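The values are calculated or read from the model by the stated rules, or taken from the named source; none is laboratory data. Computed from a predicted structure; not experimentally measured. Cβ: placed from backbone, ideal geometry, glycine included. Neighbour counts: every protein chain shown. In case anyone asks, the SASA skips ligands and DNA or RNA and just uses the protein heavy atoms, side chains included. Shrake-Rupley method; radii C 1.70, N 1.55, O 1.52, S 1.80 Å.
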Amino acid sequence: WTCVRQLPTEPPDCHYFCTDDSLVYDPHYNDFGPLNISQVCRYCKMLEHKLKTDSSLESKRIYHYCRQSADTRANAVLLVCCWNMLCNGATPDTAFALFRHLKPQLTPYRDASLGT
């Protein structure tokens with residue numbers, strides 16, 4: 001996972017992909033997530049395909065990148081952590097451990113209730 005200002009140049013031994021525009025949260029008020037379970041499932045299937053089925057990516061490092069905005073960072077981390085728990089059997093603490101010390105910190109999700 002990486003967070004970038006612009007699309008990375010893809011060296012021959014790497015594959016970069018982004019879900020910022022394909023797995024999008026539908027806001028209710030002034031909220032930005034989390035993504036729904038259907039989007040989490042789509043992400044898991046997509047990443048599993050890249051890791052296990054797509055022979056063109058067999059010898060490449062795979063990076064999920066996102067824009068630097070608060071919403072895309074939080075939702076991208078959610079997806080990576082969910083994949084790690086659902087597909088690798090990681091505990092929530094283990095899945096989130098790599099992201100615990102991000103700078104700037106992740107913006108927490110907010111209650112979608114009006115006025116909260």
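A few comments on the model shown:
- Among the candidates ASP54, ASP111, the residue that is out of contact with any helix residue (DSSP H, G or I) (no Cβ under 8 Å at 6 or more places or on another chain) and modelled with pLDDT under 95 is uniquely ASP111.
- Any pair with Cβ under 9 angstrom, 6 or more apart, that starts in segment 6-29 at a residue that is in contact (Cβ under 8 Å) with a residue 60 or more places away in the chain and ends at one that is surrounded by fewer than 10 Cβ atoms within 10 Å (Cβ to Cβ) and not acidic (Asp, Glu): HIS28/SER113; HIS28/LEU114; TYR29/SER113; TYR29/LEU114; TYR29/GLY115; TYR29/THR116
- Filter result for LEU35 (modelled with pLDDT of 95 or more and not in a strand (DSSP E or B)): no
- Residue within segment 41-57 that is basic (Lys, Arg), on the phi < 0 side of the Ramachandran plot, out of contact with any Lys or Arg (no Cβ under 8 Å at 6 or more places or on another chain) and part of a loop (DSSP other than H, G, I, E, B) present: no
- Only one of ALA95, ALA76 that is small (Gly, Ala, Ser), touching a residue at least 12 places away in the same chain (Cβ under 8 Å) and out of contact with any strand residue (DSSP E or B) (no Cβ under 8 Å at 6 or more places or on another chain): ALA95
- Just one of the listed residues (TYR29, TYR25, TYR16, TYR65) is on the phi < 0 side of the Ramachandran plot, of a type in the set (Phe, Trp, Tyr), open to solvent by 70 Å² or more (accessible area, probe 1.4 Å) and not in a helix (DSSP H, G or I), namely TYR29.
- Residue count for segment 87-108, restricted to those that are in contact with a helix residue (DSSP H, G or I) (Cβ under 7 Å, 6 or more places away or on another chain) and under 13 Å from VAL77 (Cα atoms): 6.
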